[in-house]
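The values are calculated or read from the model by the stated rules, or taken from the named source; none is laboratory data. The structure displayed is predicted, hence computed values, not measured ones. Using ideal geometry, Cβ is built from the backbone for each residue, glycine included, and neighbour counts are taken over all protein chains shown.
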């Protein structure tokens, strides 16, 4: 994978890191959004990828929209661009394997929405995150008004969006946006350790578990349980399930093949 503003690194077993590297703040302009969308499309069919980490090679995760570029857009051009940004976030949200955002520095506006599109978020202790759009006389347009309430509840999401406040890592953890907060100098180490822990599990099971959670979340419990059972049944005929039982009997770590 060759990109101008991204660096993709694969770490065994099955961990893929997507480093954003568009100094100084990974602003979401046409080029970076296009590359993020393209890498998500490639990863969507990557059978070897068991966990994807989205991080930054610089000081900031993502400061949101490229406002210099946005100022030069006509209303029609902005109307055409924002759905592409939303589609970029949705492409990461729709990845079949677990995803983790490693957030250092600022994750503002569209950068926050990009982090929200991942399954988990690990924040550096000195990071800040928030949806700044109403301060710019717009609203979150890449999933913020929909993903945040589902994540932390309607009341808290309204407070985040209405005040346009940037929240420190401790506040994000308290409100449920951050899954973990770690010292800044341990962010990459801890995120990779979490990704490796996830990737060590059965890859088919990971994808089916994610599918069951997401497809069942907004359904009545009875329907959700049907989704869960349908996904569970798919694991029964896998070689990995047999390998897990044999490894348990032989008192050794399982070697999963993803089939």
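Is one or more of the residues making up the range 7-30 part of a loop (DSSP other than H, G, I, E, B), closer than 21 Å to residue 258 by Cα and out of contact with any helix residue (DSSP H, G or I) (no Cβ under 6 Å at 6 or more places or on another chain)?
Scanning the range 7-30 turns up at least one residue that is part of a loop (DSSP other than H, G, I, E, B), closer than 21 Å to residue 258 by Cα and out of contact with any helix residue (DSSP H, G or I) (no Cβ under 6 Å at 6 or more places or on another chain).
Only one residue in 86, 102, 107 is free of Cβ contacts under 8 Å to residues at least 60 places away in the same chain and part of a strand (DSSP E or B), so which one is that?
Sole residue among the options that is free of Cβ contacts under 8 Å to residues at least 60 places away in the same chain and part of a strand (DSSP E or B): 107.
So which residues in the range 227-248 are more than 10 Å from residue 212 (Cβ to Cβ) and loosely packed, with under 14 Cβ neighbours inside 10 Å?
233, 236, 237, 239, 242, 245, 246, 248 - these are the residues of the range 227-248 that are more than 10 Å from residue 212 (Cβ to Cβ) and loosely packed, with under 14 Cβ neighbours inside 10 Å.
What single numbered condition from (1) in a helix (DSSP H, G or I); (2) buried (at least 18 other Cβ atoms within 10 Å of the Cβ); (3) more than 10 Å from the chain's Cα centre (by Cα) fails to hold for residue 76?
Of (1) in a helix (DSSP H, G or I); (2) buried (at least 18 other Cβ atoms within 10 Å of the Cβ); (3) more than 10 Å from the chain's Cα centre (by Cα), only one is false for residue 76: (2).
Of all residues in the range 142-165, count the ones that are surrounded by 20 or more Cβ atoms within 10 Å (Cβ to Cβ) and either in a loop (DSSP other than H, G, I, E, B) or over 16 Å from the mean Cα position of the chain (by Cα) (or both).
5
Which condition number does residue 172 fail, the rest of (1) part of a helix (DSSP H, G or I); (2) touching a residue at least 60 places away in the same chain (Cβ under 8 Å); (3) touching a strand residue (DSSP E or B) at 6+ places or on another chain (Cβ under 9 Å) being met?
Looking at each condition in turn, residue 172 falls short on (2).
Only residues in the range 181-194 that are under 20 Å from residue 10 (Cβ atoms) count as the first member; pair them with residues that are outside any strand (DSSP E or B), Cβ under 9 angstrom, at least 6 apart or cross-chain, and list the lot.
Close Cβ pairs satisfying both conditions: 187/104; 187/125; 187/127; 188/104; 190/183; 194/179.
Keeping to the range 121-140, report how many residues are touching a helix residue (DSSP H, G or I) at 6+ places or on another chain (Cβ under 6 Å), surrounded by fewer than 24 Cβ atoms within 10 Å (Cβ to Cβ) and outside any loop (DSSP other than H, G, I, E, B).
Qualifying residue count, the range 121-140: 1.
Identify, from the list 142, 135, 124, 108, the residue that is within 19 Å of residue 186 (Cα to Cα) and assigned by TED's automatic domain parsing to the domain that holds residue 85.
124
Which is modelled with pLDDT under 95 and closer than 18 Å to residue 110 by Cβ, of 164, 137, 157?
137
Of the residues that make up the range 29-37, is at least one under 18 Å from the mean Cα position of the chain (by Cα) and touching a residue at least 60 places away in the same chain (Cβ under 8 Å)?
yes
Quick one: is residue 207 touching a residue at least 40 places away in the same chain (Cβ under 8 Å) and surrounded by 13 or more Cβ atoms within 10 Å (Cβ to Cβ)?
Yes; evaluated as a whole, the condition is true for this residue.
Out of (1) assigned to a loop (DSSP other than H, G, I, E, B); (2) farther than 28 Å from residue 15 by Cβ; (3) modelled with pLDDT of 95 or more, what's the single condition that is false for residue 118?
The failed condition is (2).
Say whether the condition of being assigned to a helix (DSSP H, G or I), over 22 Å from residue 50 (Cβ atoms) and under 24 Å from the mean Cα position of the chain (by Cα) is met by at least one residue in the range 186-200.
yes
Please verify whether the range 134-143 includes one or more residues that are out of contact with any strand residue (DSSP E or B) (no Cβ under 9 Å at 6 or more places or on another chain) and either in contact (Cβ under 8 Å) with a residue 60 or more places away in the chain or at positive phi (or both).
Yes, the range 134-143 contains a residue that is out of contact with any strand residue (DSSP E or B) (no Cβ under 9 Å at 6 or more places or on another chain) and either in contact (Cβ under 8 Å) with a residue 60 or more places away in the chain or at positive phi (or both).
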